[in-house]
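Undergrad: Mind having a look at this structure? Questions to follow.
The values are calculated or read from the model by the stated rules, or taken from the named source; none is laboratory data. In this text the structure is predicted, and so the values were computed from the model without any measurement. As a convention, Cβ positions derive from the backbone with ideal geometry for all residues, glycine included, and neighbour counts pool all protein chains shown. Heads up: the accessible areas ignore ligands, DNA and RNA and are worked out on the full protein's heavy atoms, side chains in. Shrake-Rupley method; radii C 1.70, N 1.55, O 1.52, S 1.80 Å.
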Amino acid sequence: MSREKLLWGISGGLAMLAAVLAVLLAYSYASPPAAGGETPPDEPPPTAGTPAPGTRDGTDAPTSPVAQAGGVALNEEAFASGLRETFGDEYVQQWLRRTVVQLEAQALGIDISRGEIDEELNRMQVGYQSESEFYRVMREQLGMTPQELRDDALYRLMLEAIATYRITVTDADVEAYIEENADLFAPEREIRYAQIVVDTREQAGRVLEELGNGVEFGLLAKDVSLDEATAAAGGDSGWVSADDPFILEELLERLSTMAVGDVSEPLRLSDGRWAVVTLLGRRTIDPLDDSSVREELRRELALSKAPSLFDVEAALLKKYNAVDFLDAD
């Protein structure tokens, strides 16, 4: 598992805790105690298992239940108490870590710009077909909103900057690493193709007839292609590695013999379906042409020389005398 994906998983859990505590605080502020801290003498205090939802402010006005089953209601007070008991300590720990990191960044004069956060988010999006797909997956799998992702990126960048504050990586260090690991930076061949996938050879033949009659490949793919990953995009795969292991071998073999603009004859796929493909482009990418590659490598080399981020957090908690009073209870 990559460092980025591990951090995303951890961050997703923390984001969920933050959302939970926000609900807890909302209920706490919305439900003040009775005046003088007393309960009306003729009415027992509400509990999680009582049919009535309880009272909000010591009067007879009922509060709305949070949940109900079989006539038994979960009232707001019991709900807020349960959230605090279950998630309160985890959230406090998160708050302490983020606070001490921010304090140390301020003390060292570390200032993370919006541009650096944008670049970090762009790195996180590598491997996704689009920015919108990235944010959709982050929301569905980790429960994180775009703003929560930005906040998390800021936190990680500050923490890394603190960890590497006194570490220097020279240009010579970077070039030496590239030379020692030349295979990691070799130029990569990429292709871009579009496909129309159908069930039978006869259907593939009719696809070729339609294309021969002037129907646009992309429009036809949207109408008839069975490939869920590409149909909505007009069959377009986007740029992929010329030896991508997730692309069917027979498809890669056919594309390797085609010129840009060619349309294939019907191709039988290993899953029993048929495809008509067209090669949209072919290119070679030299990763070292991108200046950001060397900067990212410089960052990784610095982190490899630094203490673990976990140890940095622990040291900062000690330095700033962080105390979790919930845990002390």
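Undergrad: Filter region 68-104 for residues that are open to solvent by 50 Å² or more (accessible area, probe 1.4 Å) and among the small types (Gly, Ala, Ser); which is farthest from VAL323 (Cα to Cα)?
TA: Of everything passing the filter in region 68-104, GLY70 is farthest from VAL323 (Cα to Cα).
Undergrad: Would you mind finding the one in GLU216, GLU202, GLU210, GLU188 that is open to solvent by 30 Å² or more (accessible area, probe 1.4 Å) and under 35 Å from the mean Cα position of the chain (by Cα)?
TA: Values: GLU216 fails: under 35 Å from the mean Cα position of the chain (by Cα); GLU202 fails: under 35 Å from the mean Cα position of the chain (by Cα); GLU210 fails: under 35 Å from the mean Cα position of the chain (by Cα).
Answer to the selection: GLU188.
Undergrad: Across region 128-156, which residue is most open to solvent (accessible area, probe 1.4 Å) among those that are among the small types (Gly, Ala, Ser) and farther than 26 Å from SER308 by Cα?
TA: Our first condition is that a residue be among the small types (Gly, Ala, Ser); within region 128-156, this holds for 130, 132, 143, 153.
Right, trim to farther than 26 Å from SER308 by Cα and you get 130, 132, 143.
Numbers: SER130: 48, SER132: 83, GLY143: 44 Å².
Result: SER132.
Undergrad: Do we find a residue being touching a Pro at 6+ places or on another chain (Cβ under 7 Å) and either closer than 30 Å to VAL92 by Cβ or among the hydrophobic types (A, V, I, L, M, F, W, C) (or both) anywhere in region 301-315? Quick ask: steps written out before the conclusion?
TA: To start, the set of residues in region 301-315 that are touching a Pro at 6+ places or on another chain (Cβ under 7 Å) comprises none.
No, that holds for no residue.
Undergrad: Next question. Could you check how many residues of region 234-264 are part of a loop (DSSP other than H, G, I, E, B) and open to solvent by less than 70 Å² (accessible area, probe 1.4 Å)?
TA: Looking only at region 234-264, we keep the residues that are part of a loop (DSSP other than H, G, I, E, B), and these are 234-235, 242-248, 257-262, 264.
Filter once more, so that each one left must be open to solvent by less than 70 Å² (accessible area, probe 1.4 Å): 234-235, 242, 244, 247-248, 258-259, 261-262, 264.
Looking only at that region, the number is 11.
Undergrad: Starting from residues that are under 16 Å from ARG273 (Cβ atoms) and surrounded by 11 or more Cβ atoms within 10 Å (Cβ to Cβ), keep the ones in region 221-233 and report whichever is farthest from the chain's Cα centre (by Cα). It would help to see each step written out before you state the result.
TA: The first filter runs over region 221-233 and keeps only residues under 16 Å from ARG273 (Cβ atoms), leaving 221, 224-231.
Retained after the next criterion (residues that are surrounded by 11 or more Cβ atoms within 10 Å (Cβ to Cβ)): 221, 224-227, 229-231.
Numbers: ALA221: 30, VAL224: 32, SER225: 29, LEU226: 28, ASP227: 25, ALA229: 20, THR230: 22, ALA231: 25 Å.
That would be VAL224.
Undergrad: Would it be correct to say that LEU83 is at pLDDT below 90 and over 25 Å from ARG299 (Cβ atoms)?
TA: On the way: at pLDDT below 90: yes; over 25 Å from ARG299 (Cβ atoms): yes.
For LEU83, the condition - at pLDDT below 90 and over 25 Å from ARG299 (Cβ atoms) - is met.
Undergrad: Need the failing condition index for GLU104 against (1) in contact (Cβ under 8 Å) with a residue 40 or more places away in the chain; (2) out of contact with any Lys or Arg (no Cβ under 8 Å at 6 or more places or on another chain), just the number.
TA: (2)
Undergrad: Regarding THR164, is this residue hydroxyl-bearing (Ser, Thr, Tyr) and either out of contact with any helix residue (DSSP H, G or I) (no Cβ under 7 Å at 6 or more places or on another chain) or free of Cβ contacts under 8 Å to residues at least 40 places away in the same chain (or both)?
TA: Details: hydroxyl-bearing (Ser, Thr, Tyr): yes; either out of contact with any helix residue (DSSP H, G or I) (no Cβ under 7 Å at 6 or more places or on another chain) or free of Cβ contacts under 8 Å to residues at least 40 places away in the same chain (or both): no.
Considered against the rule, which asks whether it is hydroxyl-bearing (Ser, Thr, Tyr) and either out of contact with any helix residue (DSSP H, G or I) (no Cβ under 7 Å at 6 or more places or on another chain) or free of Cβ contacts under 8 Å to residues at least 40 places away in the same chain (or both), THR164 comes out as no.
Undergrad: Taking ALA48 and the conditions (1) part of a helix (DSSP H, G or I); (2) modelled with pLDDT under 90, which numbered condition does it fall short on, given that it satisfies the others?
TA: (1)
Undergrad: Is it fair to say ALA221 is closer than 23 Å to ARG192 by Cα and without any contact (Cβ under 8 Å) to a residue 40 or more places away in the chain? Step through it out loud before you land on a result.
TA: Values: closer than 23 Å to ARG192 by Cα: yes; without any contact (Cβ under 8 Å) to a residue 40 or more places away in the chain: yes.
Answer is yes for this residue.
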